[in-house]
Amino acid sequence: MITGMHKNLAHQLKELGITSLDSLTEDIWYALLNHISHSYKKSDKDRLALEHSLQRSSDEMSALYDSLKKSTATKLAAERDKLGAIINSMGIGLMMIDNHGRITLLNNTAKSMLNDQTGELVGMGLFDILLPDENAAVQPVTGIFEIQQLFDGRDQINCSSVFIKRYDRTQFPASVVLAPVDRRDKSLGAAVLFRDITNEKTTEEKLRLSSLVFNNTNNAVVISNPDGIIQAVNRAFLKITGYSEREAIGHAIEELLNINVGAESLHGVISELKPDQSWEGELNLNKKSSKPFQAWVTVTATTAETGGISQYLTIFTDISILQQSTQQLHHLAHHDLLTNLPNRLLFHKALDKSLEEARNNKTLLAILFLDLDRFKIINDSMGHPVGDELLTTVALRLKSLVGNQYIVSRFGGDEFTILMDGIKNKSEAASLAERITKEIERPVFLNGAETFITTSIGICIYPEHGHDAIELIRNADAAMYYAKASGRNNYQFYYNALNEKATDNIKLESSLRYALDKNEFVLHYQPQIALGTKCITGFEALLRWQHPTLGLLTPDKFLDVAIETGLIIPIGRWVLSEACNNIARFNKSSRHAVRIAVNLSTHQIMFGDIAADIKAVLAETRIKPERLELEITESSFMQHEEHTISALRKVEAMGVKFAIDDFGTGYASMEYLKIIPVDRLKIDRTFIKDLAHDMMDKAIVRSIITLAHSITIPVVAEGVETEGQLDILNSMLCNEAQGFYFSPAVTADAAEEMLALSLSPEE
């Protein structure tokens, strides 16, 4: 075997039968060369053919590749467009994020949901817009991170408690799924699928609230099937009825609660209900303990998918307490809280009903309108609790007198009304009014002290004095004011002219309330003359009201109104202050010192602090206390004797003098001379008027003067108008006198001029 040469050459030599190079001749060598040359030419020809074939194949392959390439690109573009259309038409949002959590793609739904139509969010971090709560599977991530770290071997991440922030920074709740995207075990990021669950959250909230309402409402709720078998109950049902849930479910509701609507069962009633219809009404139900209770029940038939009734929803509440409360509220609305008497509202309702019956039966009825006399003074001076106690006492007395025969009401304040229906004549009303005045004037013990109160009553009769409720009440009120004007503690029937008088009183009261502030009050002074020397020893201060339209009014025109309204207290203080200021004035300009007498109201003593008032005015004016004389009437002692005497002694201790006015007109004149400080007696003008002709008056006046002299008390005669009266008084050794014979009451300026001309007692 030829060795050491190329195998192709060795192959050629073998074909020529040459097994060794040593045996090569020239001819063989040339033959060999020709053979080799021929073989190479043949080989080259084959090569060229092959190359040509290969080139042709290459061209065909290139053309095929190009065709395939174009076809694939077209298919890919179509698939891409198809996939894009699918992605963009998805009903959920899709975001693609890269391996670092940056948004690379948004589908149209995502753009719409995020309010980002131009793709401004692309390039932002996912967790710039994903706002999970603390319980969410995905937590906020900051900085660069690999997406694989987020998944940590999981195929996907589901987030149900996530909020997504829109491009406009608003938020919405979302359900989010994150799925990784890999190629050849290499992470390319993740797909983020999300949907808006606002409606679901709302539905969940509604369901939650419904559940809360069902379990926490105070109303019992029962769900039963069309046969009335209970399927579910709430806690209120268990609480109200006393049943347990196990005892209730599976039982018929009407058997459980023993429900009946009249003679019909509840089941019979609700069986008539059509889908979506309701029935409601008041029922008497029984608890587990068999204790009955009143309930307000509502039953609603719910509609099934088939169109029939699927369930009954029964709701009820225990209204027993509500009914009791309603009754209490009704009572409170129609009764006075203090006295528990019917109030104005109930009185009007009763009056309307009685008027209708009176019209139909042609019978009479009467209205008594009561007003306590001088109650305001008691209320203001002794305090509202004492005033309330007095009102309660009066109410009890009225109720005890009337009983259940007639309606007694507290009309307001210290006003009471009595409705007498079915009476036969006016005398029945008069008889009751008479008994009332006597009952009310009995003493009342308030704060341990004996207190007196009286009442004035106006009476109005139907149909004589009015035909409707408003007219009758108004006229009864007018008659009451007439009773007050008639001296109080009496009753009066209505007559036609009273309304005008009542109106005048109201106007007068209104003006009186502002008279002090407007400085409309003045004092006039009537001189008191010593009968022996004819000189002026003092003056009596008399109140006048300079009314802006009615002119100068004397106390008889307005004093009752002042007392009734309680204005007598501040008016009395003003009188004291004004009189004391004029004492200082008169004594400066006079040749001798004089006193000024001031009338003191009972109400100033009882309901004011007279001692404090006098102490203050004495300190202010710096006059000698003995120059001030307080005139008090015997009637001042008829009531509240102990309190009155105590107050007067406090004033006496200051050096102030006292005179008893209208002496002889009372019931116990002599007795009071023993127990009260008296410096002067004044004989009432009623005994002086007919002194020259009436022997009885002469005897009374002589007796008073003799008595006074026996206990060394000077006497002043009031109302001296004639020389004959004066002569008789002189003969009886009366000390002083005052009246028109000497001078009427004059202004302070005129009184000062009188003093300047008057002689002193020593002259």
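The values are calculated or read from the model by the stated rules, or taken from the named source; none is laboratory data. Keep in mind that this is a model prediction, so the values were computed, not measured. With ideal geometry, Cβ positions are generated from the backbone for all residues, glycine too; neighbour counts draw on all protein chains shown.
Hey, which of the strands (runs of 3 or more DSSP E) in segment 245-344, taking only ones fully inside, have at least 2 residues that are among the acidic types (D, E) and either modelled with pLDDT under 80 or surrounded by fewer than 16 Cβ atoms within 10 Å (Cβ to Cβ) (or both)?
Working: elements: 278-286, 292-303, 309-318.
By residue number, 278-286.
Output the residues belonging to segment 162-213 that are modelled with pLDDT of 70 or more, on the phi < 0 side of the Ramachandran plot and among the charged types (D, E, K, R).
Within segment 162-213, K165, R166, D168, D182, K186, R195, D196, E200, K201 meet the criteria.
The rows are residues; the columns are (1) over 27 Å from I453 (Cβ atoms); (2) surrounded by fewer than 18 Cβ atoms within 10 Å (Cβ to Cβ).
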| position | (1), (2) |
| --- | --- |
| K484 | no, no |
| S510 | no, yes |
| H524 | yes, no |
| Q528 | yes, no |
| G532 | yes, yes |
| G538 | yes, no |
| L552 | yes, yes |
| I563 | no, no |
| P570 | no, yes |
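Within segment 560-603, take every residue that is under 42 Å from the mean Cα position of the chain (by Cα) and acidic (D, E) and give me the one that is farthest from N379 (Cα to Cα).
Here the residue is D560.
For V716, state whether it is assigned to a strand (DSSP E or B) and on the phi < 0 side of the Ramachandran plot. Don't jump to the end; show me each part of the working.
Details: assigned to a strand (DSSP E or B): yes; on the phi < 0 side of the Ramachandran plot: yes.
Taking the combined requirement at face value, the residue satisfies it.
Can you name the residue in segment 676-690 that is more than 14 Å from A737 (Cα to Cα) and crowded, with 18+ Cβ neighbours inside 10 Å and is also modelled with the lowest pLDDT among such residues?
Step by step, filter segment 676-690, then rank; the result is I676.
If a residue has to be in a strand (DSSP E or B) and either among the acidic types (D, E) or surrounded by 14 or more Cβ atoms within 10 Å (Cβ to Cβ) (or both) to count, how many in segment 180-191 make the cut? Give the derivation first.
Kept after step one, since they are in a strand (DSSP E or B), are these residues of segment 180-191: 180-183, 186-191.
In the following step, the residues that additionally are either among the acidic types (D, E) or surrounded by 14 or more Cβ atoms within 10 Å (Cβ to Cβ) (or both) were identified as 180-182, 187-191.
Number of matching residues: 8.
Which members of segment 574-613 meet the condition of being of a type in the set (K, R) and modelled with pLDDT under 85?
Taking segment 574-613 as the starting set, the residues that turn out to be of a type in the set (K, R) are 585, 588, 591, 595.
Answer for segment 574-613, where residues must be of a type in the set (K, R) and modelled with pLDDT under 85: K588, R591.
Among the residues of segment 438-452, is there at least one that is touching a helix residue (DSSP H, G or I) at 6+ places or on another chain (Cβ under 9 Å) and part of a helix (DSSP H, G or I)?
Checked against the condition, which is being touching a helix residue (DSSP H, G or I) at 6+ places or on another chain (Cβ under 9 Å) and part of a helix (DSSP H, G or I), segment 438-452 yields at least one hit.
Across segment 614-644, what is the number of residues that are touching a Gly at 6+ places or on another chain (Cβ under 8 Å) and at pLDDT 85 or above?
Total meeting the criteria: 4.
With respect to A469, determine if the residue is closer than 28 Å to L332 by Cα and of a type in the set (A, V, I, L, M). Explain how you work it out, then say what you get.
Numbers: closer than 28 Å to L332 by Cα: yes; of a type in the set (A, V, I, L, M): yes.
Here the answer is yes, as A469 does meet what is asked.
Which ones in segment 719-749 are touching a residue at least 24 places away in the same chain (Cβ under 8 Å) and not in a loop (DSSP other than H, G, I, E, B)?
G724, Q725, L726, I728, L729, N730, E736, A737, V746, A748, listed by residue number.
Among what's in segment 355-393 and is of a type in the set (V, I, T) and not in a helix (DSSP H, G or I), pick the residue that is modelled with the lowest pLDDT. Please lay out each step first, then the result.
Here is the first cut: in segment 355-393, the residues of a type in the set (V, I, T) are 363, 367, 377-378, 386, 392-393.
Those still in the list that are not in a helix (DSSP H, G or I) too: 363, 367.
Working: T363: 92, I367: 95.
Per the stated criteria, the residue is T363.
A429 - would you say it is small (G, A, S), closer than 27 Å to A562 by Cβ and buried (at least 20 other Cβ atoms within 10 Å of the Cβ)? Please lay out each step first, then the result.
On the way: small (G, A, S): yes; closer than 27 Å to A562 by Cβ: no; buried (at least 20 other Cβ atoms within 10 Å of the Cβ): yes.
Criteria not met by A429.
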